[in-house]
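Enquirer: Handing you this structure, nothing more for now.
None of the figures in this text is laboratory data; all of them are computed from the coordinates on show. Treat the numbers as computed from the prediction; the structure is a model and nothing was measured. Cβ placement follows ideal geometry from the backbone for every residue including glycine, while neighbour counts extend to all protein chains displayed.
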Amino acid sequence: MPELPEVETTRCGIEPWLVGATITQVRIHNHRLRWPVPTGIETCLTGQIIHSVERRAKYLLLKTDSGTAIIHLGMSGTLQIVAPATTLRKHDHVEIEIESGSILRFNDPRRFGCLLWTSNNPLDHPLLAHLGPEPLHDEFNGAYLYTTSRSRRITIKQFVMNAAIVVGVGNIYASESLFRAGIHPKRTAGRISLERMTRLADAIKLVLQESIQQGGTTLRDFYNGDGKPGYFKNKLNVYGREGEACVTCQKPIRKIFLGQRSTFYCPDCQK
DNA sequence: CCCGATTCCTGTAGGC
DNA sequence: TGCCTACAGGAATCGG
């Protein structure tokens, strides 16, 4: 399930193929994604030169002179560069062909992803305009978490998963970061000290960076632009490890539900 | 404003 | 073996 490291891994995988390339043809096989693929996006994209492949939060941005394609991978989306005439697979919803004949394919079984188009600054698009800071930027730190959380009564896990607070921290990395920071996921966000928030911000940065280095986390669905899985799964300390021994204290990892989401933690190491 | 619940979707896993 | 159900989750949206 693509979180920030998986999206960044995808971006790195497709960027060298796409930057400077001219789009020769766009085929939409299924418009029915999380939001309908806008009719006419083929015309907007065809003939355009992709001058950069950027990421904001979990959105990928294919920038051209006349506008930007905004792609979100949702739960199960993947982007892959395939050779000309590669057989279409089930759930290949979009194909963007470039002049070399290579094709960028968007595959998404659960269709929680999207492909949109904007002629304006993509950062002003309604979906992107109200996002919080990037977790790997300096503006995201313990002081930021501390000040934005005062008076907030939700749990710290739900707080860091809120994209208006900080982007890119999904269910897996929220549990992993809280474990590394030694903070219980049910703690009230507004009552956590600056010191502990600093540990948490540092843990989030570290976990995300390590995962990007490993090519992301592949649980079931995720494969990068080369069709390879990510290896961060091997470094997960708590996620998906209910009942297994904590890597630090050997006590069994617990699973609870917070806001309808599975949450994993060590009852001994996280207070 | 804040926060919990609901919603979209399909592949997979577990029970019988 | 096959059917049925529960579950997984990003994030917008709705309702209290």
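Enquirer: How far is helix A:171-181 tilted, in degrees, relative to the longest principal axis of the Cα atoms in chain A, given as a value from 0 to 90 rounded to the nearest 10?
Expert: The angle comes out at about 40 degrees.
Enquirer: In the structure shown, do any of A:Lys63/A:Lys235; A:Lys90/A:Lys251; A:Lys90/A:Lys157; A:Lys235/A:Lys271; A:Lys63/A:Lys157 have a Cα-Cα gap over 31 Å, and if so which? Walk me through the numbers before you get to the answer.
Expert: On the way: A:Lys63/A:Lys235 34 Å; A:Lys90/A:Lys251 43 Å; A:Lys90/A:Lys157 35 Å; A:Lys235/A:Lys271 22 Å; A:Lys63/A:Lys157 34 Å.
Over 31 Å Cα-Cα: A:Lys63/A:Lys235; A:Lys90/A:Lys251; A:Lys90/A:Lys157; A:Lys63/A:Lys157.
Enquirer: Quick one: compute the contact order of chain A, relative version, from alpha carbon pairs under 8 angstrom and 6+ residues apart, as a percent.
Expert: Relative contact order comes out at 19 percent.
Enquirer: Continuing with this model, one more query. Extension gain A:Phe112-A:Arg89, at 0.36 nm per residue separation less the Cα-Cα distance, in nm?
Expert: 6.5 nm
Enquirer: Taking the mean number of other Cβ atoms within 10 Å as a proxy for protection, how do you rank A:33-44, A:161-172, A:250-261 from highest to lowest?
Expert: A:161-172, A:33-44, A:250-261
Enquirer: Treating the Cα atoms of chain A as identical point scatterers in vacuum, please give the log10 of the normalised Debye intensity I(q)/I(0) at q = 0.07 Å⁻¹, two decimals.
Expert: -0.27
Enquirer: Where does region A:1-102 land on Rg(C-alpha)/(2.2 N^0.38 Å)?
Expert: Numbers: Rg = 12.9 Å, N = 102, 2.2 N^0.38 = 12.8 Å.
Normalised Rg, Cα atoms only: 1.01.
Enquirer: Shifting gears a bit: What distance in nm lies between label points placed 7 Å from Cα along the C-beta direction at A:Cys12 and A:Ala163?
Expert: So the label points at A:Cys12 and A:Ala163 sit 2.3 nm apart.
Enquirer: Sum up the charges of everything whose Cβ sits under 10 Å from the Cβ of A:Arg111, counting Lys and Arg as +1 and Asp and Glu as -1, but leave A:Arg111 out.
Expert: That works out to +2.
Enquirer: Further question: Using helices alone, what [θ] at 222 nm do you get for chain A, with -39,500 (n - 2.57) per DSSP H run of 4 or more residues, divided over all residues and rounded to the nearest 500?
Expert: That comes out to -7000 deg cm²/dmol.
Enquirer: How do A:20-26, A:81-87 rank on mean C-beta neighbours within 10 Å, highest first?
Expert: Put in order of decreasing packing, that is A:20-26, A:81-87.
Enquirer: Sorted from fewest to most neighbouring beta carbons within 10 Å, what does the list A:Lys235, A:Lys271, A:Lys58 look like?
Expert: A:Lys271, A:Lys235, A:Lys58
Enquirer: Using only Cα atoms and rounding to the nearest 10 degrees, what angle (0 to 90) does helix A:4-18 make with the longest principal axis of chain A?
Expert: 20
Enquirer: How high is the relative contact order of region A:1-159, given as a whole-number percent (alpha carbon pairs under 8 Å, six or more residues apart)?
Expert: Working: 287 pairs, mean separation 38.4, N = 159.
Dividing the mean separation by the residue count of region A:1-159 yields 24 percent.
Enquirer: Also, quick follow-up: Starting with the highest mean, order A:178-185, A:109-116, A:124-131 by the number of other Cβ atoms within 10 Å, averaged over the residues of each peptide.
Expert: Working: A:178-185: 21.6, A:109-116: 19.2, A:124-131: 13.1.
Packing order, densest peptide first, comes out as A:178-185, A:109-116, A:124-131.
Enquirer: Run the reach check for A:Lys255 against aspartates and glutamates, Cα to Cα strictly under 16 Å, same-chain hits fewer than 8 apart removed. What comes back?
Expert: Partners within reach: A:Glu176, A:Glu242, A:Glu244, A:Asp268.
Enquirer: Suppose every Lys and Arg Cβ carries +1 and every Asp and Glu Cβ carries -1, with no other charges. What dipole size does chain A come out with about its Cα centre, to the nearest 20 debye?
Expert: 1500
Enquirer: Under a Cβ-Cβ cut-off of 9 Å, what is the net charge of the residues other than A:Ile28 that fall near it, where Lys and Arg count +1 and Asp and Glu count -1?
Expert: On the way: positive: A:Arg27; negative: A:Glu42, A:Glu95.
Cβ neighbours under 9 Å give a net charge of -1.
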